[in-house]
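Single-structure report; data block below.
The values are calculated or read from the model by the stated rules, or taken from the named source; none is laboratory data. These numbers were taken from a predicted model, which means no experiment stands behind them. Positions of Cβ are generated from backbone atoms using ideal geometry, with glycine treated the same way; all protein chains shown enter the neighbour counts. SASA here: full protein model, heavy atoms, side chains in, ligands and nucleic acids out. Shrake-Rupley method; radii C 1.70, N 1.55, O 1.52, S 1.80 Å.
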Amino acid sequence: MEAVPPLYRVAGTAGPQGDEDRLGVPDGPGAPLDELVGAYPNYNEEEEERRYYRRKRLGVLKNVLAASAGGTLTYGVYLGLLQMQLILHYDETYREVKYGNMGLPDIDSKMLMGINVTPIAALLYTPVLIRFFGTKWMMFLAVGIYALFVSTNYWERYYTLVPSAVALGMAIVPLWASMGNYITRMAQKYYEYSHYKERDEQSPQQRPPRGSHAPYLLVFQAIFYSFFHLSFACAQLPMIYFLNHYLYDLNHTLYNVQSCGTNSQGILIGFNKTVLRTLPRSGNLIVVESVLMAVAFLAMLLVLGLCGAAYRPTEEIDLRSVGWGNIFQLPFKHVRDFRLRHLVPFFIYSGFEVLFACTGLALGYGVCSVGLERLAYILVAYSLGASASSVLGLLGLWLPRAVPLVAGAGLHLLLTVGLFFWAPAPRVLQHIWILYVAAVLWGVGSALNKTGLSTLLGILYEDKERQDFIFTIYHWWQAVAIFAVYLGSSLPMKAKLVVLLLTLVAAAASYLWMEQKLQRGAVPRQPRIPRPQHKVRGYRYLEEDNSDESDAEGERGGGGGGPADGVEEEAPPAGPRPGPEPAGPCRRPCPYEQALGGDGPEEQ
């Protein structure tokens with residue numbers, strides 16, 4: 001019986017054309033292995049390395065733009081919805097027709113209380129949440145909570161609005177602390193990818209020179225705050241394209257208003273209780289809220305899909321492994337650092353000035369004199385001025401780092417003094433251009449303040465083990481300032497301006513004192529970050545000790561283990577340090593040594 005030829009050729013057998021294939025390469029056992037599995041003849045290792053790190057740098061830029069756009073959309077949706085909701089709920093006719101005796105003003109007051117009071121406790125849990133979830137996932141979770149707050153407005157009841165407002169208040173500090181940490185880490189990674197040749201020449205434990213990432217940090221913070229300040233303009237879109245069509249003009253809403261500006265007291269005393277000429281249809285409100293919900297969902301997708309990780313997996317393990325008790329305590333221990341103590345007044349003023357722009361300037365000077373229908377345009381002027389002026393933060397590339405912060409403080413000082421002596425007349429539009437100029441200039445000062453503070457913190461605290469603690473402290477003090485503004489909302493405008501002015505002068509003086517102490521060579525006292533205590537199995541994380549030993553072997557040989565977390569280690573004795581203990585016969589051989597048939601290095 002004739003043998004049937006095989007369907008596939010057998011490896012190592014000669015083909016129909018002898019021992020060479022069509023390309024002229026010998027086949028069979030004598031085939032040269034280098035021709036098959038060797039390096040590509042035109043391979044340029046240096047060029048491929050350059051392309052690889054260029055892709056890495058583009059990925060960092062993508063992360064910065066995605067995080068900036070996600071933060072802008074999130075905050076814009078939140079502000080726009082809250083502003084539209086408060087205006088609708090303020091109108092007496094809207095409340096009585098749509099909600100009857102449900103007590104909507106009481107619900108709104110408790111909702112605002114939840115948003116402003118809850119962040120006071122954020123210093124207790126923010127570092128733990130950031131270390132537990134990671135920087136990127138903390139951003140995603142916080143943006144999701146903002147989206148949850150938007151979704152509850154489909155059914156406005158006490159049990160939907162108030163719990164979601166409390167959850168939102170809990171997410172405020174973690175979101176912006178993780179955002180600040182994320183932008184700083186991206187600047188450090190961009191420096192690593194731009195200077196990869198220098199890093200290859202250094203040892204893995206050697207850190208880059210101090211301040212080396214500062215130019216990239218200035219650029220990235222300018223990009224982030226250029227996007228972020230646009231959120232105030234985005235928040236006005238629902239009002240410009242929807243709500244303004246239903247509002248009365250200023251002759252109706254300001255009929256009983258007697259004084260504005262520096263002579264006013266509280267928020268819009270004498271403002272008419274009916275501001276809506278006609279009530280918006282429920283279907284139109286649902287459409288607007290659905291658009292806002294879609295934008296919030298888009299922000300979640302941006303953070304989830306386009307933002308890369310801030311740390312490598314092993315770095316995430318290190319950050320979590322210092323002990324949860326130490327993570328809880330370290331923000332409080334950083335108070336011993338005189339740099340942070342000197343910057344606390346600036347942190348507080350940073351919260352004051354944003355709230356004053358949205359309430360004092362926009363309401364006490366703007367709405368009180370030119371009507372509610374022009375509120376959106378005043379805030380758009382503030383937003384565009386702040387967004388365009390965030391680029392001025394790049395002046396730090398050529399000027400001393402104190403110049404942007406002091407320039408922003410000086411501009412706000414002049415504006416505050418001018419506002420202290422200005423009382424615009426109600427229902428008079430001749431001075432409206434002064435309002436727009438003041439809003440733009442206040443936005444310029446806000447941009448210099450925000451970019452300068454965030455950049456300064458990223459330069460002073462380069463250690464990746466501390467950055468989340470530092471930004472948590474910064475945004476927590478901002479939350480405390482916002483809470484103080486919430487408590488003092490009924491004060492006269494003159495009292496608010498005096499508090500703002502005193503805080504500004506104290507902040508500038510304290511900051512300049514800090515810079516002077518640093519120039520004299522004062523060394524800040526920083527708390528020690530404990531060493532990571534890893535509890536892993538296998539080969540996922542390599543340590544100096546034997547990662548293959550079992551618990552029983554560790555108890556026999558290791559005893560009690562290393563020092564407790566947070567305890568200062570004793571100084572090593574003088575003289576040469578003893579090296580690692582050589583592997584003896586009692587050590588379990590690793591799988592590679594078992595495959596070689598030996599018991600360890602001693603057998604060789």
Quick test for you: out of Y90, Y94, pick the one residue that is surrounded by 20 or more Cβ atoms within 10 Å (Cβ to Cβ) and at pLDDT below 95. Y90
H229: open to solvent by 40 Å² or more (accessible area, probe 1.4 Å) and out of contact with any Cys (no Cβ under 7 Å at 6 or more places or on another chain), yes or no? no
Which residue is nearest to A362 (Cα to Cα), if the candidates are limited to segment 235-255 and must be of a type in the set (S, T, N, Q) and open to solvent by less than 60 Å² (accessible area, probe 1.4 Å)? Q236
Based on this model, can you work out whether S164 counts as free of Cβ contacts under 8 Å to residues at least 60 places away in the same chain, closer than 22 Å to N116 by Cβ and of a type in the set (S, T, N, Q)? yes
So in segment 151-202, with the set limited to residues that are of a type in the set (G, A, S) and surrounded by 22 or more Cβ atoms within 10 Å (Cβ to Cβ), which one is nearest to L319 (Cα to Cα)? S178
Complete set of residues in segment 102-149 that are open to solvent by less than 40 Å² (accessible area, probe 1.4 Å) and among the hydroxyl-bearing types (S, T, Y): T118, T126, T135, Y146
Does L161 satisfy being at pLDDT 95 or above and of a type in the set (A, V, I, L, M)? no
What's the number of the condition N42 fails, among (1) at pLDDT below 90; (2) closer than 18 Å to A376 by Cβ; (3) of a type outside the set (K, R)? (2)
Cβ pairs under 7 Å, 6+ apart, first in segment 507-527 and closer than 27 Å to E353 by Cβ, second of a type in the set (D, E, K, R): M514/R339; P524/D337; P524/R339
Looking at segment 256-270, which of its residues are in contact (Cβ under 8 Å) with a residue 40 or more places away in the chain and either open to solvent by less than 70 Å² (accessible area, probe 1.4 Å) or over 11 Å from G364 (Cα atoms) (or both)? V257, Q258, S259, C260, G261, T262, S264, G266, L268
Please find, among T13, T74, the residue that is polar (S, T, N, Q) and at pLDDT below 60. T13
All positions within segment 298-315 that are over 19 Å from Q188 (Cβ atoms) and open to solvent by 30 Å² or more (accessible area, probe 1.4 Å): L298, M300, L301, L302, L304, G305, L306
Enumeration of residues in segment 316-348 that are in a helix (DSSP H, G or I), open to solvent by less than 30 Å² (accessible area, probe 1.4 Å) and either on the phi > 0 side of the Ramachandran plot or without any contact (Cβ under 8 Å) to a residue 40 or more places away in the chain (or both): none
Consider H213 carefully, then state whether it is out of contact with any strand residue (DSSP E or B) (no Cβ under 7 Å at 6 or more places or on another chain), touching a residue at least 24 places away in the same chain (Cβ under 8 Å) and within 30 Å of K197 (Cβ to Cβ). yes
Being on the phi < 0 side of the Ramachandran plot and in contact with a Gly (Cβ under 7 Å, 6 or more places away or on another chain) is the requirement here; does T451 meet it? yes
